[in-house]
Amino acid sequence: PIDSFYSFCVYSNIHKQNQPIDNQTLLSYINMWKRFQSYWITQRNVVTVRYEDLLREPNAYFQQILVEIGYPVSQNDIERAIKKYPPKGTELKHLSFFTREQLILIKKELNELM
């Protein structure tokens, strides 16, 4: 959730871009993320796909998503789509905006859900 915390903070205009997240904001994001994830993991017919997974194995996860929604697709279709629109970016690109203590807190609070 590190990148999503930072992105949400910037999106919400809580602080200026390229600035560290303060502890109070981080705690509220941790609690919000916990509630969000806890809700969705209890729902039926829901597939959770992490951005990191899409970066590492786009074919497998894209296929899983399409199978779950019942969309008929061939392996060739998936490969063609990923070649045309490959996942971009890197994971943990906002890591530097968190202190070591904040990262420890995130891991402690959210480890079971990650």
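The values are calculated or read from the model by the stated rules, or taken from the named source; none is laboratory data. Predicted, not measured: the structure shown is a model, and the values here were computed from it. Neighbour counts run over all protein chains shown; Cβ positions are idealised from the backbone, glycine included. For the accessible areas, the whole protein counts, side chains as well, though only heavy atoms, and no ligand, DNA or RNA atoms are used. Shrake-Rupley method; radii C 1.70, N 1.55, O 1.52, S 1.80 Å.
Of all residues being open to solvent by less than 100 Å² (accessible area, probe 1.4 Å), among the polar types (S, T, N, Q) and part of a helix (DSSP H, G or I) in region 24-50, which is nearest to Leu66 (Cα to Cα)? Just the residue, please. The qualifying residue nearest to Leu66 (Cα to Cα) is Gln37. The set of residues in region 69-89 being open to solvent by less than 80 Å² (accessible area, probe 1.4 Å) and part of a helix (DSSP H, G or I) consists of Gln75, Asp77, Ile78, Ala81, Ile82.
Every listed requirement among (1) surrounded by 13 or more Cβ atoms within 10 Å (Cβ to Cβ); (2) under 17 Å from the mean Cα position of the chain (by Cα); (3) within 20 Å of Leu92 (Cβ to Cβ) is met by Ile21 save one, (2). In region 51-61, what residues are open to solvent by 70 Å² or more (accessible area, probe 1.4 Å) and assigned to a helix (DSSP H, G or I)? Answer for region 51-61, where residues must be open to solvent by 70 Å² or more (accessible area, probe 1.4 Å) and assigned to a helix (DSSP H, G or I): Tyr51, Arg56.
Of the residues Leu66, Leu92, Leu110, which single one is touching a residue at least 24 places away in the same chain (Cβ under 8 Å) and in a helix (DSSP H, G or I)? Don't jump to the end; show me each part of the working.
Numbers: Leu66 fails: touching a residue at least 24 places away in the same chain (Cβ under 8 Å); Leu92 fails: in a helix (DSSP H, G or I).
Being touching a residue at least 24 places away in the same chain (Cβ under 8 Å) and in a helix (DSSP H, G or I) holds for just one of Leu66, Leu92, Leu110, which is Leu110.
In the condition set (1) under 13 Å from Ile2 (Cα atoms); (2) without any contact (Cβ under 8 Å) to a residue 12 or more places away in the chain, Lys83 is compliant with all but (1).
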